[in-house]
Amino acid sequence: MSEHHDHDAADQSRIDRRAELLPEEETAGSADPEAQAEVILEESDERTADPEGTQVESEQTGPRTSEQASHTPTGA
């Protein structure tokens with residue numbers, strides 16, 4: 001069961017949009033898509049507000065060298 005928090009209309013709209021599960025999330029299932037969306041967006045906001053601080057805490061990325069940080073990929 002989810003624990004609902006009070007959000008302003010813009011935040012609630014973001015949560016509602018993110019709660020629409022992606023195909024791979026539908027396959028895996030979610031007991032509470034809205035609560036899952038809320039956590040995902042809170043973590044995303046933290047990374048946006050403090051990219052250097054959260055990069056240190058991330059298990060997905062390690063610290064980058066200045067050369068890596070200044071590299072701009074070409075083509076896609």
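Rule-based calculations on the coordinates, nothing more; no lab input. None of these values were measured; they are calculated from a predicted model.
Things worth noting here:
- Rounded to whole Hz, the Karplus (6.51, -1.76, 1.60) HN-Hα couplings of the range 10-24, x for glycine and proline: 5, 5, 5, 5, 4, 5, 4, 5, 6, 6, 6, 5, 6, x, 5
- Rounded to the nearest Hz, the phi-derived 3J(HN,Hα) couplings of the range 39-54 under the Karplus curve 6.51 cos²θ - 1.76 cosθ + 1.60 (θ = phi - 60°) are 5, 4, 5, 4, 5, 5, 4, 4, 5, 5, 6, 9, x, 5, x, 6, where x marks glycine and proline.
- Tensor-based shape of the range 9-57 (alpha-carbon gyration tensor, a/c under 1.5 rounded, otherwise prolate or oblate): oblate
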